[in-house]
Amino acid sequence: MPDASRWILAAVLAMSASACVTINIYFPAAAAEKAADRIIDEVWQLREGAAAAPAPGPAQGESK
Amino acid sequence: MSLLSTTRRRLGACLLGLVMAAVVHAQGNLEIDTPAIAALKQSMQKRHAQLAPLYAAGAVGLAADGTVALRDAGSVPLAQRAQANAAIAAENADRAALYREIARANDHPEWEADVRRTFAQRWIDRAQPGWWVQQGGKWVQK
């Protein structure tokens, strides 16, 4: 009995470890886009009192 | 036997939890709150005051590779051209460092090119009306 559960535990650990590796290999495109937008907001100062941005309004953020 | 199946069920639930946690993690946020990234942001934000009029005049455009480029030197008075070039060079150095730092802050230096591509697209998408952006190898005005 303990043998079986030990085997299962080992399998679970191996699977979860491989799952982590698999997931992390892929570039998280959506998260990167969000991060880019946050940084662009700050660099172009689109959130707080954007004097240079006329019509679209800074609160809308997304242009499409 | 029933103890084994209970253990198995419990471990199955545990595995499911791990997988879900990993998925959530993958869809979460990228780490961008590091001192290096903050310093780059601040430097770029300060420089934006200098670059914004150049974007508006069409002298400088947002290139497809995530950099800024001198598009029309003629629209910059000769006396200010060296200054504009210096601002462009400094901006591109900061941007390159920013892409590299974001990839590194997330423990994936190999993501640098992907980060750059993502930024290139977002700079262009979010450029203000009147600014010039590079699309399909050509400069177009937004």
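Each reported figure results from applying straightforward, stated rules to the coordinates on display, with no laboratory input. Remember, it's a predicted structure, so these values are computed and weren't measured experimentally. Ideal geometry is used to build each Cβ from the backbone, glycine not excepted, and the neighbour counts take in all protein chains shown.
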**Request:** Could you tell me whether segment B:134-142 includes any residue that is among the aromatic types (F, W, Y) and closer than 17 Å to A:V43 by Cα?
**Result:** no
**Item:** Residue identified as more than 24 Å from the chain's Cα centre (by Cα) and of a type in the set (A, V, I, L, M, F, W, C) among B:A89, B:A82, B:A69
**Value:** B:A82
**Complete set of residues in segment B:98-135 that are more than 14 Å from B:T67 (Cβ to Cβ), touching a residue at least 24 places away in the same chain (Cβ under 8 Å) and not in a helix (DSSP H, G or I)** = B:N106, B:Q128, B:G130, B:W131, B:Q135
